[in-house]
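Single-structure report; data block below.
The values are calculated or read from the model by the stated rules, or taken from the named source; none is laboratory data. Model, not experiment: these values are computed from the prediction. Neighbour counts are summed over all protein chains in view; Cβ atoms, including those assigned to glycine, are modelled from backbone coordinates with ideal geometry. Note: accessible area is taken over every heavy atom of the protein model, side chains too, but ligands, DNA and RNA are not part of it. Shrake-Rupley method; radii C 1.70, N 1.55, O 1.52, S 1.80 Å.
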Amino acid sequence: MRDPRRGRDDEPLAVLAGPLRVLVAVAEHEHVTRAAAALGLQQPTASRALARVQEAVGVPLLVPDGRGVRLTAAGRSLADVAARALADLDRGVRAVREDDSPETGRVALGFLHTLGASAVPALVRAFREDHPRVRFRLHQGAASAVLAQLAAGEVDLVLTSPVPRRAGLVSRELAEQPLVLALPGEHRLAGRPALALSDVAAEEFVLFEPGYGLRETADALFAAAGIAPRVAFEGQDAHTIRGLVAAGLGVALLPAAQPGTSEAFAGLVELPLAGPSASRTLALVWREEPLPRVAEQFRDSVLARAGLLLSDRR
């Protein structure tokens, strides 16, 4: 059944390029009345459309030819170009409709590196159980990068932290993800049940690069604790940072690892971060404007399944 929100199948082309479609039809039929009938128009309507095109171009496009009409050389040239342009436009309309479809559309999702191993796959898998033909275009990066893509319209939705407070964006908090301090296994504090930042204030740190959400969170925690950290290394993903810590090159502030992540690094210990700000807030963000219908459905699915962000499912 045709979706009533979409109108007639040819409605976008009729709105966007109606007069040029009349010209192309006249080129094919060499008769205004027959061209109008082929397009489902009244003959006077088609004649007015042709007059608008000719007036806009400022060059004669049609001349009488017996009981019909004949395109001038200029008219034929314009009709050929218009036919190609209308074909391209038709393909474009079909593509954006397909991308918008709740059943076969495409969702463009931006997210943090630290959510790529488990959380995002779990959310996508849950959604595709009910919508198996929906496609995803995934963009993984720093918080600043994926939010810039959102502002530019390159992605529909972003999973990020900390929660952005910007005009033109809508943010919904989803979950509080515990933070940990990662230490080499031989570290003198590795046997503690938990650590505060003050316990490691004199250590060298391995941190995310500026522009990453977790770096912004870490900088805020250091400032609140009155600590000026000694930064030994800066990285772009949690896997690399864990490797540097496991090699004894510093300590790190990270989100709690999914099962199996920290075990992959021999000698790495992750201890709960003690204190009132021992977590980061994960949020779903979108632009303050209508979403494609398929992205709207995925947004609602994520809001209803926020627990998967912290799930042990892999």
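Measuring from centroid to centroid over Cα atoms, what is the spacing of segment 209-230 and segment 106-135 in Å?
Using only Cα atoms, the two centres lie 29 Å from each other.
Between A247 and I227, 0.36 nm times their residue separation minus their Cα-Cα distance comes to what?
Working: separation 20, 0.36 × 20 = 7.20 nm, distance 2.41 nm.
Fully extending the segment from A247 to I227 adds 4.8 nm.
Please list 3J(HN,Hα) in residue order for segment 247-257, calculated via the Karplus relation 6.51 cos²θ - 1.76 cosθ + 1.60 where θ = phi - 60°; whole Hz, with x for glycine and proline.
Once rounded to whole Hz, the list reads 7, x, 9, x, 10, 9, 9, 9, x, 4, 6.
Considering every Cα-Cα pair within segment 92-210, what fraction, in whole percent, is farther apart than 25 Å?
Details: 3033 of 7021 pairs.
Considering segment 92-210, 43 percent of its Cα-Cα pairs are separated by more than 25 Å.
Counting alpha carbon pairs within less than 8 Å and at least 6 residues apart, what relative contact order, in whole percent, applies to the chain?
Over the chain, the number comes to 21 percent.
Tell me, what is the 1.4 Å probe accessible area of S101, in Å² to the nearest 10?
S101 exposes around 20 Å² with every protein chain in place.
Compute the distance in nm between two label points, each set 7 Å from the Cα along the Cα-to-Cβ direction, one at E176 and one at A151.
Those two pseudo-labels are separated by 3.0 nm.
Which loop GluC sites (Glu not before Pro) in segment 145-193, with loop taken from DSSP, have no more than 15 other Cβ atoms within 10 angstrom of their Cβ? Each step should come with its number before you reach the end.
Working: sites: E154, E173, E176, E186; in loops: E154, E186.
Taking segment 145-193 and a limit of 15 other Cβ atoms within 10 Å, the loop GluC sites (Glu not before Pro) found are E154, E186.
Can you compute the charge dipole magnitude of segment 163-258 about its Cα centre, using +1 on each Lys and Arg Cβ and -1 on each Asp and Glu Cβ, nothing else charged? Give it in debye, rounded to the nearest 20. Don't jump to the answer; show the numbers that get you there.
Values: 8 positive and 11 negative charges, 36 e Å.
Roughly 180 debye, rounded to the nearest 20.
What ³J(HN,Hα) values, in whole Hz, does the Karplus curve 6.51 cos²θ - 1.76 cosθ + 1.60 give for segment 92-103 when θ = phi - 60°, with x put for Gly and Pro?
3J(HN,Hα) across segment 92-103, in whole Hz: x, 4, 4, 5, 6, 5, 5, 5, 7, 4, x, 9.
Of all beta bridges DSSP finds with both residues in segment 98-255, what is the antiparallel percent, to the nearest 5?
Numbers: 4 of 19 bridges.
Of those bridges, close to 20 percent are antiparallel.
Which residues' amide hydrogens lie under 5 Å from the amide hydrogen of A196, considering only partners 5 or more residues apart or on another chain, with H built in the peptide plane?
Residues meeting the criterion, in which the H sits 1.01 Å from N, are A274.
On the protein heavy atoms, probe 1.4 angstrom, tell me the percent of accessible surface of segment 162-281 carried by carbon and sulfur. Please report the intermediate quantities before stating the final value.
On the way: 2930 of 5560 Å².
Roughly 53 percent of what the probe reaches on segment 162-281 is carbon or sulfur.
Based on DSSP, what percent of beta bridges with both residues in the chain are antiparallel, to the nearest 5? Walk me through the numbers before you get to the answer.
Values: 26 of 42 bridges.
Antiparallel: roughly 60 percent of the beta bridges in the chain.
Just in segment 111-203: which trypsin sites (Lys or Arg not before Pro) are loop by DSSP and have at most 16 other Cβ atoms within 10 Å? Before the final figure, lay out the partial values.
Values: sites: R125, R128, R133, R135, R137, R165, R166, R172, R188; in loops: R133, R165, R166, R188.
Hits after loop and neighbour filter: R133, R165, R166, R188.
For segment 13-119, run through the GluC sites (Glu not before Pro) and keep only the ones in DSSP coil with at most 16 other Cβ atoms within 10 Å of their Cβ.
E30, E103
What is the packing order of peptides 146-152, 40-46, 245-251, taking the mean over residues of other C-beta atoms within 10 Å and listing the highest first?
Details: 146-152: 17.9, 40-46: 15.1, 245-251: 19.6.
The peptides rank, most packed first, as 245-251, 146-152, 40-46.
If you place +1 on the Cβ of every Lys and Arg, -1 on the Cβ of every Asp and Glu, and leave all else neutral, what size is the dipole of the chain about its Cα centre, to the nearest 20 Debye?
Details: 36 positive and 37 negative charges, 201 e Å.
Rounded to the nearest 20 debye, it is 960 debye.
Just the accessible area per residue of segment 189-294, please: how many Å² with a 1.4 Å probe? Provide the component values of the computation, followed by the final result.
Working: 4620 Å² over 106 residues.
Ligands and nucleic acids excluded, the figure is 44 Å² per residue.
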